[in-house]
Each structure stands twice: as structure tokens, then as C-alpha cells.
Amino acid sequence: MTAEIKAKLTPLDRPNTYVGRTVSRQGARKAVAGAGQYTDDISLPRMLHAAFVRSPYAHARLTKLDVNAAKTAPGVALVMTGKELAERITAPWLGTLTCFPGMKAAPQYPMVIERACWQGEPVAIVVAQSRALAEDAAELVEIEWQELPAAADKETALDRTTPVIHPDLGDNLAFEKTIGSGDVDAAFKAADIVVEETFRFGRHTAVSLESRAILADYNKPAERLILYTSSQAPHMIQTIYARMLGIPDHNVRIVAPDVGGSFGMKIHSYGDEVATAAASMALGRPVKFIADRLESFVSDIHARENLIKARLAVSRAGDIEAIEIDVLSGAGAYSQYPRTSVFEANQVLTITGGPYRHKHYRAKATVVYMNKVPTSQYRAVGHPIGNSVGESLVDMAAAACGLDPLEIRRRNVMPDDGYPAVTAGGIKVKELSHQKCLAALERRMNYAALRAEQAILRKQGIYRGIGIAAFIKGTAPGPNGYYGIGGAPISLQDACTIRLDPGGGIICAVGVTEQGQGVNTVMGQIAATTLGVPLDQVRVISGDTDATPFGGGTYASRATAIGGEAVLKAAGELRAEILSIAGALLQAPAGSLDIVDGHIVDAGTDRRRISLKEIGRIGHFQLHELPNSVQPRLSVTHRFRLLDDLYILTNGVSGATVDVDTDTGFITLRKAWVVEDCGRIVNPLLADEQVRGGFVQGLGGALYEHCIYDDAAQLVNGTLADYLTPMAGEMPDIDVAHIHTPTSVSELGAKGVGESGTASAPAVVMNAVNDALRPLGARVTEQPMTPEVVLRALGKI
Amino acid sequence: MSLADDSLEETMAVTMTVNGERVSRAVPVRQNLIDFLRTGLGLTGSHIGCEHGICGACSLRLDGAVVRGCLTLAVQADGAEVVTIEGLTASGEAADLQAAFVERNALQCGYCTPGMLMTAAELLASDATPDRDGIREFMSGNFCRCTGYQAIVDAIETVLRKRRRLA
């Protein structure tokens, strides 16, 4: 390599870079041996186990609660009621954010005090020597209820005859919001063609295979609370628990060990977990609570329940002119703290139709409370819904104009050379690549051949559908958006503290967290590359508030984009200090030195001068070798946040083929394709697998998953036998490809990738199914698209 | 370890071989095998996902066959031979499969992985040489929320082809 070329390369592009290279995960090597350590794998001396009494009713007044028999049951150490717990907390939660003006929410206590508002709401905690004994004793709690009528249907939640869940709020309305641009009414009036439809999205839930888990260890003499918990956001939990339990933040330590899946569900505050911490404080002993699967279904947040009326105006030639949507979003009994229960609707408003150039847009959301499990952020918040609605409308428009679905998108997406721009939904966008993605997808699908095959199959009575769906995804939010400006105790920046230890090892402590995506590996790759050391010389620490700098944790596809940039900056500063120390030792200008493969070398020739291990030894032990003017720090903390941008927007397009059996309503997924643009990719395999896994999670909601409630707001399918999730047998292979348009907001150039598949899958599979049904004049407008839904669309039942 | 006083529950003495080691314990008669292995013996490699036999996270080998640890009582394992992920790892029987899982990133959070590996090892130890659809079918009793399964199928297929000398 010539010196000239070399000079142009950034550290990220160097020949020995780990950035852009697939390397395997240390965490994976541990997990395949069964040597992971999840919260339930931790046992502490004198540890006790918690079980909960929960409300069997969606809405009921507590008329009797007698815990005496339970308290004296074998092995029981403590029974605490909701009322007793309320006396141990500083204040109830209030799930509002100031960025949602007019939003109403009722204060929420961790457990029922006198009235239960959803089936599954915790009523009392029972702590005993084993979980089995705690459950035995929970059955001895004498409890009587006066059942109250429940608000079970979002469409009637605001009716006068529907009970108001929180009388102080006046009605069941949580939030209303309307956004818009252009002149929507005029555009629809003047339109050649208007397509319209009503879409229904069922409630579903995260079903992380490891359920919520917490082990609370309060040391009374030290006034120190340690919580081992399966969490995405240890620092946020630290702040929230400290406030609620009246302990200074710095006396609360949160440790998130291995986390068995989370998907946004483990970023919220849960009453049963607070009760577990309070029980440990009351007893001065460790208390463990592991949600079992049945209580997970009625206590983990739910998401996605929406009813959307939508219409789109298009010219005869196929130019999209205007989109209008009216969203009715069904929240649960409380607004989940601290992220609220209105975000999903808000996201639907802002992202629907987001890939396109139309100038006229109006979107209204109404969020109502119901006597159901509270709702909140779950992977790709709102995007599966907004993309499904927008992309369905676009396909309907294509059919009305006689255009191919690919052609109408080519015609209407924002052009790759047209940025910066603002979407009709009001999001500032830049560095997107809709056109490149569409072109790549067409190639990878071999689209024309698929259409030809489809025509042949139709003649044979096989209803093959081909779906295309473009998407945008908001990732890595900044502080000027919702949480920061909204007043939530949620960090929008993230941090890295990196240091050189005496043995030459690099310790890289980060505020973002690992749930198996490979965050630790990716942070290590960035650190190793920036510093110029072998990857195995770097140890990444995450998930421990005692050991890591304060950060927001992992959510909203932010770990690489935000946390990765903090690592890059911190490692860059440490590298500069190491070179300056080396320069002092070697009596050479720091600028004439470089770090390659763990050694200080002469820049240009790569001749080895001294190892990093030697710098570590001298910098910590043999300081006499350094001039007095050099005081090594050998530790750097750096933080990174977005400045003005709301998000780092990403984009992509997906494709899918399905066969629909018009006799049984069964949908067979054949193959899927995703082309997305997450900017610079640090670890290609991990990025691909985020897209694949996320896509299948989206397919789950599109085809199978549904929290089904009856008229009394009782969840009727709260087991894994009844709530269907994607399994290996039904899932297709997914072809994943990337367009690389780095974001300019960071040196790293990475955008989020973890939710793109989920954001996109429901839209594309719905379009594929409707492509199959179109010759029959049928259209599916409801998710999950169960066989029953398909048969109803076909008029067969 | 559970600190529960044995006198609080009806127990039964059992003896079994776990990962090649003979163990004798008084176990609560109502305790599931998975709970006994995890809390009684500290073998936390097998996980609990649903406790009603659907998810497969607690899959382990009982007298040579893969069973759900949550649907088997500990007392049913009296006299039996039990192999968990810890034993499978120690024996080296699945070393190629485990390496393939790591290389292909056929796991993310890793919570389903021990159960996945127990099931996949059973397929590899059989005479069958299924195609991809067949592998998917065989693995359909193990729930994974992270990967979307393709990487798991890829890893198993790779090892299957190597073991059957097809590759």
C-alpha cells in the first residue's frame, strides 16, 4: 500500500480493522456450553423466593384481603399487601411525558390498593423459602372481590355507558394528537383516485424466552440495594428504584447479567419487581422473583392494538398526492412508566407513508384506556403498524392505477439525491437510499421471474402472492425528541470509559447493554480497531451500574449508533494519550508513532518499538521511567448524543412470497428478502441476524400472535400453547442485503439495525397475501392474518 | 440452591446418574426434574421458559431420549441416566455442533440454546438425513425469539452434512 493511500484511510478502514468484519461472539461461546448466567441462575446466601397474588378480574374492588393464614404457612417469611407496599414508596408512578401535551394518566401504585384495573395486576407478594412454598401460601390469602364492569373494547371506551377506569381523569381518553402538512382536504377533493380501508391490529406481547427476573439484595447495615435483573437499561432502573424506594441513587446498584431476550419489554417499570425490592428491604435478605409464563402474559407490557381508518389520493398516472389516517389505539389500564402508553400511536402518525414524496398528510391519533394489561414500547414501536397501513394503501393505489407494486414505489419514493428533506409526517430525513434499495431488491428477488412464475401457478389454481414494502425506521433517538425533552429519567446519550491496565489489557466499559445482539462484541471491535490492538486484548463490560459510565442502555436500535460512537471517541483519546506517553519514552514525536496489533510502531514502516503491555507496566508501576511532566491517566470517558436530529432515520425495502390456500385460509411463507440501509456495518453477520430475527418477530405479529380478550377483558389465551409464536417449521429463509449510506452525525457512520426487520415484515407479508387474493377480489385488512381472517376475507365463513 | 427446609414438603429419596455422576438426594415429590437439576444440583445450563412443555428451553436427555424437564418429575428420574447441556459439553459429543452455532451466530440471547442443542444433537445422533425443511420440522418444538431460526437450521445442516460426509 502506498503511503498516499494509507494517509487517506481512517482508522476504521485500516487493513487490520475489525470494523466491517464478522467475528464471533464470546458470549455465544459461553451460551452454547450452558455457561451463561441469567438472573435465575444466581443464588445468594439466605435467599428467599417471591410469588404474587394477582387480580383474577379485569376490574374489581377489593372487599376483603386477609393474609394471616398465608403469613403462618410453612416456610413463609413475609406477606406484603399493596397497601403496605404503598407506605414504603415515595410516590406512585405517573406515566406522562411533557412532550405529549394534554396527555392524561392516573397515578399507578406497584400493587392493587383497593381496586384492580386489569386481570393480572399484582395484589400481594408472598415471600418464602422456595417458590413452591410461596405459591402454596399465596393460595391461602383470603380475598374477596366485587367485580365491576370493565372497559374491554377500544371502540366503546369513550362511550357514556362504558365505565371510566380512573374517575379523576373524567373519561378513558389518554391522549389525542393530530399532525399534518399541506392541504389534505383539497388534495383528496381534486384527486383522480382515492383508495381507503380500515385496518385492525391485534394486541401482542414480547414473549422473551427468559421471562422478567429480579433478585433483590438489600444490605441493611450498609443501606445498599443491589438488584440483579434482566434489564435493558440498568441506569434507568437505578434512577427509578432509588426515587421510588427513597434510597440515594448511588446506594443502588443494578446488575443485568445475561439477558434472555427483551425486545423493549424489559425497559419498563413493573410493580411486582418493585414489590420484590421492597420485600428484600423489609427482610434484609435477598428475594428472587421470576415471572412464570402465565403471569408474564398478564403482566409484561402488551403492544400494537390499533384500529386505523386510512385513505390515499393518487393521480391516474400513479403519483401519490395525499394520505390521511385516523388511529384509535387501545392502551391498558395505566400508562406504563416512564415511556408512556401513547408512543406507539405517536409513531404511527409520524412514520406512515414515510418513504414517499407526497406533500399532503393528516394523521390523528386517539389513545384510550381499557381494563387490560398496560401497553408500551415493544420492538419497532408503531412501525409495523404504520408501515402496514402505508404500504397497503400504496398497493391498493397501484392496483387502481394499473401499476406494478414495484413501479409505483419507484415512482413515488424520495429520491436518493433529494436529501435533506422533510417527510409529510414532519420528520427531517437525510442520507436515505430508497431508490438503491428498490433496485437491489428487484435484482435479488429476480422479480420479473417471480411474476412470470406466479402467472403460471395461477392457471394451476395456486395462489402465490408477491409482496413489496418500503419502510423507514427511526433509530437512535436524540435528546431533542421525546424522552429528553419530555422529562423522562431516560438517558439519550451514551458513554464509554476505556482504560489501559498494567497487563496491557483494554477495559471498555459501556452504558449500552447486551441482550445477545452482540453489543459487547461490536463495542470491542470498535475499540480494538480505534486503538490498534487485537480484539482479544479488549474486554467489554456492560450491564452493571457500579462498573460502567451512566448511559441509557439498549433501546430503539441505538447501541451501535450511539454507544459505538462513544467508544470510538473514547478509544481515540486513549490512543492519543498512549502515543504521547510512548513518545516521551522513545523520545519521538507522538505523530511519528502508530499503534498496530498491540504495539507502538513507527508510523509508515510499522517497525515495532514497544508493546502496549510495556506502556501499561510503565504507566502503572514503573512511573520513574517517565518524565515528571507526564502524569498518565490511561483512562478516558467519552459521551455521545445526537444534537438537533430527532432520530437517525434508516430505510429499506422488503419482499416476500407466500402461497395462500383458499380452502383452509392457511398462509405458507415461501421466502423473504430484506434490503436495508443501516449505514456503516461493524459486524456483517450480526447485522444480518438482527434483520432476520427481527423480521421473524414481525411475522409473528402479522400471522399468529394475538392476546385475545373476551367481553369481560379476560385474556383467554395466556399460555404458550394458546398464544402462537413463530416456530422453525413455518418460517422462511430470509435473504438479507444492505445499502451502505453512512450517517453524517457520527464518525462511525452507523445507523440502527435491530428493529428494521420487525418494522417491515408485517407490511410485506400483508401485501403478499393480498397480492395472492387480488384475483379473487378479496383483501385482508387485519393482523394477525389467521386462517379465519383469510377465509372471512374470501367470504367463505 | 434452595434453602427450603425438607421437612416442609413431602420428599422421596432418589438416586440417578447426572452427567455421569451418581447423585442421591431427597427431592420434593412434586418437584420437576428441571427444578431439581437447577436448584438441587446447581446445573443452571438448562433453562426454564414456559413450564408447560411448549418452548423446549428445558430439553434434556433422560435415558437416551430428549424430554421436557418441566414435564418430568424429579422422582421419575429415579434410577435413570440424565444428561444436560453441561454433560453434553463435557463429553465433547456436540463440540462440532456448538462450534457451528458460534460460527454461524445461531444464537443471540442464548436462552433457548441449550435446549436447541439437545434437540439438534438427537437429530444428529439418529440415522436421518433430513433436508432443510426436515431440519425445520424436527426443531419445531424449540422456541427461539431472537434468531428467526435460519441460522440455527444453517448450523445444523452444516454439521449434518459433515457428519454424514455429504459436504
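The values are calculated or read from the model by the stated rules, or taken from the named source; none is laboratory data. None of these values were measured; they are calculated from a predicted model. Don't worry about glycine lacking a Cβ; one is built from the backbone with ideal geometry, like all the others, and counts go over all protein chains shown. Quick note on the areas: whole protein, heavy atoms, side chains included, nothing else; ligands and nucleic acids left out. Shrake-Rupley method; radii C 1.70, N 1.55, O 1.52, S 1.80 Å.
Can you give the three extents of the C-alpha atoms in the range A:639-797 along their principal axes, from longest to shortest, in whole Å?
57, 39, 30
On the accessible surface of the range B:6-88, probed at 1.4 Å, how many percent belong to carbon and sulfur atoms?
Summing carbon and sulfur atoms, their accessible area is 47 percent of the total for the range B:6-88.
Per residue and in cubic angstrom, what volume does the convex hull of the Cα atoms of the range B:6-88 have?
80
Quick check for you: which residues of the range B:126-144 have the amide N under 16 Å from the point 7 Å beyond the Cα of B:R164 toward its beta carbon?
Answer for this model: B:126-139.
Separation of the range A:256-298 and the range A:17-90 by C-alpha centroid, Å?
4
Label A:V716 and A:R115 with points 7 Å out from Cα along Cα→Cβ: what is the distance between them in nm?
It is 2.7 nm.
How many nm separate the modelled label positions at A:N628 and A:L457, each set 7 Å beyond the Cα in the direction of the Cβ?
Taking the simple label geometry, A:N628 and A:L457 are separated by 8.2 nm.
Just to compare against my own numbers: the Cα pair-distance distribution for the range A:300-357, 10 Å bins, whole % per bin, please.
19, 42, 23, 12, 3
Which of the aspartates and glutamates could a cross-linker span from A:K64 if the Cα-Cα distance has to be under 12 Å and same-chain partners fewer than 8 positions apart are dropped?
A:E114, A:E142, A:E144
Give me, ordered by chain and number, the residues 5 or more places off A:S341 or on other chains with an amide H under 5 Å from its own placed amide H.
A:Q336
Report the semi-axes of the equivalent ellipsoid for the range A:252-362 in whole Å, largest first, where each axis is √(5λ) for an eigenvalue λ of the Cα gyration tensor.
That gives 43, 14, 12 Å for the three semi-axes.
So if each residue of separation counts as 0.36 nm, and I subtract the Cα-Cα distance between A:R774 and A:I193, what length gain in nm does that give?
207.3 nm
Between the DSSP loop rule and a limit of at most 16 other Cβ atoms within 10 Å, which trypsin sites (Lys or Arg not before Pro) in the range A:148-193 are left?
Of the trypsin sites (Lys or Arg not before Pro), the ones in loops of the range A:148-193 whose Cβ has at most 16 other Cβ atoms within 10 Å are A:R160.
Roughly how many Å² is the accessible area per residue of the protein assembly as shown, as a whole number, for a 1.4 Å probe?
Ligands and nucleic acids excluded, the result is 34 Å² per residue.
Go through A:V769, A:L715, A:G318 and say which Cα lies farthest out towards the positive end of the charge dipole of the protein assembly as shown; charges sit on Cβ, +1 for Lys and Arg, -1 for Asp and Glu.
A:G318
For the range B:112-120, just list the computed ³J(HN,Hα) in residue order, Karplus coefficients 6.51, -1.76 and 1.60, θ = phi - 60°, integers in Hz, with x standing in for Gly and Pro.
7, 4, x, x, 4, 5, 4, 5, 5
Sorted by accessible area with a 1.4 angstrom probe, largest first, how do A:K71, A:K430, A:K359 fall?
A:K359, A:K71, A:K430
What nm distance separates the two modelled labels at A:D501 and B:L71, each placed 7 Å from Cα along Cα→Cβ?
So the two model labels end up 4.6 nm from each other.
Can you give the extra length, in nm with one decimal, that the chain gains between A:D661 and A:D326 once fully stretched, where that is 0.36 nm per residue apart less the Cα-Cα distance?
117.4 nm
Could you calculate the FRET efficiency of A:F621 with A:A91 from 1/(1 + (r/R0)^6), where r is the beta carbon distance between them and R0 is 35 Å, rounded to 0.05?
Between A:F621 and A:A91 the formula returns 0.10.
In cubic angstrom, how much convex hull volume per residue do the alpha carbon atoms of chain A span?
169
Using a Cα-Cα cut-off of under 19 Å, which aspartates and glutamates could be cross-linked to A:K189, ignoring same-chain neighbours fewer than 8 residues away?
A:E197, A:D319, A:E321, A:E324, A:D326
Beyond 24 Å between alpha-carbons counts as too far, so tell me which of A:K309/A:K459; A:K430/A:K473; A:K266/A:K569; A:K359/A:K430; A:K104/A:K154 fall in that bin.
The pairs that break the limit, which is 24 Å between Cα atoms, are A:K309/A:K459; A:K266/A:K569.
Report ³J(HN,Hα) in whole Hz for each residue of the range B:44-59, in order, from the Karplus equation J = 6.51 cos²θ - 1.76 cosθ + 1.60 where θ = phi - 60°; Gly and Pro get x.
So the J values, rounded to whole Hz, are 8, x, 7, 10, 10, x, 9, 6, 9, x, 9, 7, x, 5, 9, 4.
Starting at the first residue of the range A:107-112, write each ³J(HN,Hα) from the Karplus equation 6.51 cos²θ - 1.76 cosθ + 1.60 with θ = phi - 60°, in whole Hz, x for Gly and Pro.
Using θ = phi - 60°, the values come out as x, 10, 8, x, 9, 4 Hz.
Please work out the FRET efficiency for the pair A:D66 and A:S744, using the Cβ-Cβ distance as r and a Förster radius of 51 Å; give the result to the nearest 0.05.
Taking R0 as 51 Å, the efficiency between A:D66 and A:S744 is 0.20.
Around A:M766, under 12 Å between beta carbons, what's the net of Lys plus Arg minus Asp minus Glu among the other residues?
-3
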